[in-house]
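A short write-up of the structure that comes next.
The numbers here are math on the coordinates, done by the rules we state, and not lab data. Computed from a prediction, not measured in an experiment: that's the story for all the values here. Here the Cβ positions follow ideal geometry from the backbone for every residue, glycine too, while neighbour counts run over all protein chains shown.
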Amino acid sequence: MRISLMAEKCTRITLICWLIFFFSAAGAWAQAPGSSAPDIAKLQAALDSQDKRLKDWANLARYREENSKVAQPQPDEDRVVFMGDSITDAWGRREGVFFSGKPYINRGISGQTTPQMLIRFRLDVIAHKPKAVVILAGTNDIAGNTGPMTLEEIEGNLTSMAELARANGIRVILASLLPVCDYIRTQTDRRPPEKIRDLNTWIKKYAETNGHTYLDYFSAMLDENQMLRKELTGDGLHPNGAGYEIMLPLAEKAIAAALGK
């Protein structure tokens with residue numbers, strides 16, 4: 001938890017510096033003879049985005065209203081919460097079908113890293129009293145979305161989420177990171193395949209050692225070059241509809257195993 005708080009503090013300092021830079025630049029650009037309205041509008045949008053992130057770094061507001069409308073589960077309800085980043089966020093919203101008819105709750109947020117998810121874990125997972133949680137996280141940590149992160153720091157945040165879930169009687173399903181590819185655009189520069197493999201190896205071992213369920217998306221989506229299959233993605237990072245069709249039964253099988261079905 002101390003690592004997460006330190007990461008948040010560093011991120012806040014970074015954002016403050018950027019805001020100072022942007023405001024200074026805005027004044028200079030507005031006074032420049034060649035400044036155009038689109039340039040200023042673009043700068044204002046960037047300022048608004050950074051200001052919003054500074055005020056709510058973990059994006060607790062994203063699901064606040066939706067969470068207030070979620071009823072307590074019925075005694076026989078196999079409620080499951082999916083916690084993750086854009087790969088979870090897009091599932092059933094932009095691509096694929098998200099478990100039609102199932103009492104499953106999507107709590108993914110695009111671009112997020114494990115320290116951000118850890119902060120919102122109580123509100124977006126524990127409060128819903130699910131029987132299980134599916135955690136898919138870490139690719140944005142490797143990419144440095146909220147600053148440099150070591151594998152040990154990522155592992156620590158995943159461990160903390162798993163421990164919080166177990167302490168509240170929630171079965172834990174830890175998903176592997178998906179592979180990436182450069183067939184459409186370059187992805188391996190920010191997400192080196194060896195780091196993805198190393199983190200997946202740790203996730204699998206941690207799950208087995210601690211009695212959690214390991215959900216292996218990675219192996220099912222690889223091609224002969226050990227990259228994400230081109231037909232399963234539109235950008236080399238996120239799954240398309242065909243990708244989610246592969247992921248869905250794997251997730252269902254893992255949930256059944258976790259719940260002892």
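Here are the numbers for this structure:
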| quantity | calculated |
| --- | --- |
| Built amide H within the under 5 Å cut-off of Thr233, gap 5+ | Asn240 |
| FRET efficiency, 1/(1 + (r/R0)^6) with R0 41 Å, evaluated for Glu77 and Ile184 via beta carbons | 0.55 |
| Listed pairs Lys204/Lys261; Lys129/Lys195; Lys102/Lys129; Lys69/Lys204 exceeding 24 Å between Cα atoms | Lys129/Lys195; Lys69/Lys204 |
| Amide H within-cut-off set for Gly108, under 5 Å, with H built and near neighbours excluded | Gly84, Asp89 |
| Cut-off under 5 Å, modelled amide H: who pairs with Phe218 long-range | Ser176 |
| Estimated vicinal HN-Hα couplings, Hz - region 201-210 in sequence order (Karplus 6.51, -1.76, 1.60; Gly, Pro = x) | 4, 5, 4, 4, 5, 4, 4, 5, 5, 9 |
| Residues of region 60-103 with amide N under 15 Å of a point placed 7 Å along Cα→Cβ from Asn168 | 60, 63-64, 67-73, 79-84 |
| Compactness of the chain as Cα Rg over 2.2 N^0.38 Å, two decimals | 1.08 |
| Estimated distance in nm for a label pair at Arg197 and Arg122, the labels positioned 7 Å out from Cα along Cα-to-Cβ | 4.0 |
| Long-range Cα-Cα pairs in region 101-146 (distance over 14 Å), rounded percent | 50 |
